[in-house]
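First the structure, in the form of structure tokens, and then the observations on it.
Derivation of every value follows stated rules applied to the coordinates shown; laboratory data play no part. Note that this is a predicted model, so its numbers are computed, not measured.
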């Protein structure tokens, strides 16, 4: 759940994640080295993946709906 409003900075950072070739690959194939890498990195390292989760309400490696 969202506890605060999503800022314009969050939207801009999430947009980078939407077009990131690594995250795109992970969202599309849902397996492999890249998928595992994104699952590991998105939690504490990548600000783009963190913003993607805040804006869209799901992890960067999860399939788009």
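Helix 47-56 and the long axis of the chain differ in direction by around 70°, with both axes built from C-alpha atoms. Length gained on full extension, residue 56 to residue 9, computed as 0.36 nm times the residue gap minus the Cα-Cα distance: 15.5 nm. Our summary gives region 8-56 a relative contact order of 52 percent, counting only alpha carbon pairs under 8 angstrom and 6 or more residues apart.
Computed from Cα positions, the angle between helix 8-19 and the longest principal axis of the chain comes to roughly 20 degrees. Calculated mean residue ellipticity, 222 nm, the chain: -20000 deg cm²/dmol, from DSSP H runs (n ≥ 4) at -39500 (n - 2.57) each, averaged per residue and rounded to 500. To the nearest ten degrees, helix 33-44 and the longest principal axis of the Cα atoms of the chain are 30 degrees apart.
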